[in-house]
Amino acid sequence: MAAPISNAIAAYANAGRIGGAGAGMAPGAEASGGGFGDMLAQAAGDLTNTLHQGEAASLQAVTGKADINQVVMAVTNAEVTLQAVIAVRDRVIQAYQDISKLAI
């Protein structure tokens with residue numbers, strides 16, 4: 001059970017680093033890295049890597065070369081990451097629709 005908690009903590013820390021300027025930054029601290037597009041590109045790369053790890057673990061399980069605990073962890077991480085991306089996508093679409101309804 002400690003691994004999922006540590007994975008969640010690492011994900012939140014990574015999101016804070018990716019996000020740059022925001023509420024979590026100290027006053028006077030400068031954002032490092034690029035903008036929103038760079039953040040999305042990195043998130044897409046992380047998603048792809050996580051999904052590939054889940055697929056690789058599943059293939060190793062089918063051939064009997066992997067520990068079942070590692071397979072479950074990899075597939076669970078991939079599932080949680082995909083659900084997070086879908087939730088973000090839904091929120092972005094909803095925000096776009098809300099903005100498009102505004103009167104100019």
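Values in this text are rule-based calculations from the coordinates and carry no lab data. Every value quoted in this text rests on a predicted model; they were computed, and no experiment measured them.
Taking 0.36 nm per residue of sequence separation and removing the Cα-Cα distance, the residue 49/residue 66 pair yields an extension gain of 4.3 nm. The slack in the chain from residue 88 to residue 40, taken as 0.36 nm per residue of separation less the alpha-carbon distance, amounts to 16.2 nm.
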